[in-house]
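Everything below concerns the one structure shown next.
The values are calculated or read from the model by the stated rules, or taken from the named source; none is laboratory data. Keep in mind that this is a model prediction, so the values were computed, not measured. All Cβ positions, glycine included, derive from the backbone under ideal geometry; neighbour counts span all protein chains shown.
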Amino acid sequence: MRLASLVLLVVLPPLAAIAAAAQPLVALDIGHSLASPGAIGAYGRAELEFNVDLADDIQTLLTSNGHRSILIGRDGSMDHLSRRTSLARRAGATFLLSIHHDSAQPQFLSTWQWQGSEQRYTDQISGYSLFVSRKNPFPAASLRCAHSIGAAMHAAGLHATPHHAAKIAGEFKQWADRDAGVYYYDDLVVLKTATMPTVLLEAGVILNRDDEPELRSIAMRNRIGAAVADGLARCGALTEAGSSTGAPGNIHQSVTPPADGR
């Protein structure tokens, strides 16, 4: 009897480790890097800085509600996109959210002077957008969570931008769920190489002179972060992890896009 007890003590992992393994783990991928900092806002601030601030706030919110998450790319050194999804996989992430802030195509941009420097801006384009890939191994789960996040952002008084559907070079994305602001972006590296349900969020257009100050504010970051957390909860990304797929158990309920392809 004593020998059996010793064997069990050696073989079985601690209960805390078992519990942690059963809990979902959300990977928050911070878009861009120091070498490639993304769009430059209307007031000269790089997208990477917006992405870091929003990811930090989302992680704080998730942690305060008892949910596990990791940050990917926070130090700005991760230049290769496939490394991001590989790191998420190795960490055991069950959901990946790639966090970005948006720009616009050159034909929509003008220039102005801000604190002695010329900056680009657009007053025409405003709002958030979300992207999923049908090449992700969990397309239905990805779409379900994108729908939930977009719906939560809309309920929070935020609006989606339709400009990615414009029939111009660099855009012309197909709607996956127009009401929630979700597009298909099948060949985006982070979306298609991830091994778990994945959504890319463009939280807002930082080249819009009215939106940029709001997007850098704590109040707006908290508003967006709360909507993201609510959306993740509603789609099942924060519930018990599934056994064989690495994705939350009830996240695999599908969302059927409107018949007109919106």
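I'd like to verify a number: residues in segment 91-112 that are polar (S, T, N, Q) and in a strand (DSSP E or B), how many?
Total satisfying the criteria: 3.
Among the residues of segment 73-90, how many are surrounded by fewer than 22 Cβ atoms within 10 Å (Cβ to Cβ) and either part of a loop (DSSP other than H, G, I, E, B) or at pLDDT 95 or above (or both)?
11
Restricting attention to segment 113-148, report how many residues are part of a strand (DSSP E or B), in contact (Cβ under 8 Å) with a residue 60 or more places away in the chain, out of contact with any Ser or Thr (no Cβ under 9 Å at 6 or more places or on another chain) and surrounded by fewer than 24 Cβ atoms within 10 Å (Cβ to Cβ).
Looking only at that region, the number is 2.
Based on this model, can you work out whether Ala165 counts as small (Gly, Ala, Ser), out of contact with any strand residue (DSSP E or B) (no Cβ under 8 Å at 6 or more places or on another chain) and surrounded by fewer than 24 Cβ atoms within 10 Å (Cβ to Cβ)?
No.
Considering only segment 61-72, how many residues are assigned to a helix (DSSP H, G or I) and touching a residue at least 40 places away in the same chain (Cβ under 8 Å)?
Number of matching residues: 2.
Taking interchain pairs and intrachain pairs at least six residues apart, which have beta carbon atoms under 7 angstrom, with the first residue in segment 150-162 and closer than 18 Å to Ile99 by Cβ and the second of a type in the set (Phe, Trp, Tyr) and surrounded by 14 or more Cβ atoms within 10 Å (Cβ to Cβ)?
Correct list of pairs: Met153/Tyr128; Leu158/Tyr128; Ala160/Tyr128; Thr161/Tyr128.
Given the condition farther than 18 Å from His101 by Cβ, assigned to a strand (DSSP E or B) and modelled with pLDDT of 95 or more, answer yes or no: does some residue in segment 36-58 qualify?
Looking through segment 36-58, none of the residues is farther than 18 Å from His101 by Cβ, assigned to a strand (DSSP E or B) and modelled with pLDDT of 95 or more.
Looking at segment 170-213, what strands (runs of 3 or more DSSP E) fall wholly within it and have at least 1 residues that are in contact with a His (Cβ under 8 Å, 6 or more places away or on another chain) and over 22 Å from Ala233 (Cβ atoms)?
So the answer is 182-184, 198-205.
Among (1) at pLDDT below 95; (2) touching a Gly at 6+ places or on another chain (Cβ under 7 Å); (3) not aromatic (Phe, Trp, Tyr), where does Ser244 come up short?
So the condition that Ser244 fails would be (2).
Exactly one of (1) closer than 17 Å to Ala88 by Cα; (2) in contact with a strand residue (DSSP E or B) (Cβ under 6 Å, 6 or more places away or on another chain); (3) not charged (D, E, K, R) is unmet by Leu207. Its number?
Every listed condition holds for Leu207 apart from (1).
Looking at Leu188, Leu207, Leu232, Leu201, can you tell me which residue is crowded, with 16+ Cβ neighbours inside 10 Å and more than 14 Å from the chain's Cα centre (by Cα)?
Criteria check complete, one pass: Leu207.
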